[in-house]
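One structure is given below, encoded as C-alpha cells.
Every read-out reported here was derived from the displayed coordinates using simple, explicitly stated rules and does not represent laboratory data. Remember, predicted model here, so these are calculated numbers, not experimental data. Positions of Cβ are backbone-derived with ideal geometry, glycine not excepted, and every protein chain shown enters the neighbour counts.
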Amino acid sequence: MDPLHVPRKPLVLRLRALIRLAVRVLAVLMTLVIFWGVIDVAWVLYQELRTPPYGLLTINDILATFGAFMAVLIAIEIFVNISIYLRDDVIHVKIVLATALMAIARKVIILDFEKVTPPYIYATAAVVLAMGVAYWLVVRHTDPEEPVCPEDPLAVETEGDG
C-alpha cells in the first residue's frame, strides 16, 4: 500500500490538531510581538528626537533604529512563515532561508567593528556566504512552474481586484 494513502489513526489526527492549534497560538503571539516592536521603534525614535540636539540623530542612533526596524521585519517574516505553514502544512525552505538572510543582514548592519574581533567578522561572513549560496541553490532548483515568491499571505483583496 502506498504510504501516502495510509488511513490516519485517531491519535495522530488529534495530535495534528493540537499542533495546528499551537501554530495558531504562535501566530497570535507573533502578531503581538510585531505590534510591540513597532511601538518600540516609534518610542525610541521619539526619545532620540527629544534629546539635544533636537530633531537630529547620530550615526549610532540611526544604526540602532535600523536594527530595530530589521527586527520588526524579521518578526513579520516569521509571521509569514507561520501563516504559510498553516495554509500549506509544509515548511517552505526558500522563505525560511530568506528570513535567515534577513536576520544575518540585520546583524551585519548593526555590527560595531570597534568591538568585534576578526574571527567574529570572518564567521559572520561565512554565515552570509553559506546562507546566500543555500538560497541561490534552492531558488535555482525550484520548479519553473512554481513562483519564486509564493502568494503573499498578508495580501488583502479588495472588491476592485479581479
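Ignoring lysines fewer than eight residues from Lys107 along the same chain, the ones with Cα atoms less than 29 angstrom from its Cα are Lys94, Lys115. Here, the range 49-134 yields an orientationally averaged convex hull projection of 7.4 nm² when only Cα atoms define the hull.
Comparing Cα centroids, the range 13-59 and the range 82-125 end up 18 angstrom apart. The mean sequence separation of alpha-carbon pairs under 8 Å and at least six residues apart, normalised by the residue count of the range 9-140, gives a relative contact order of 24 percent.
As a rough footprinting exposure proxy, the listed residues Asp112, Asp88 were ranked by other beta carbons within 10 Å of their own, and the order from fewest upward is Asp112, Asp88.
Highest-first packing order for the peptide set 32-43, 74-85, 118-129 is 74-85, 32-43, 118-129, based on the mean count of other beta carbon atoms within 10 Å.
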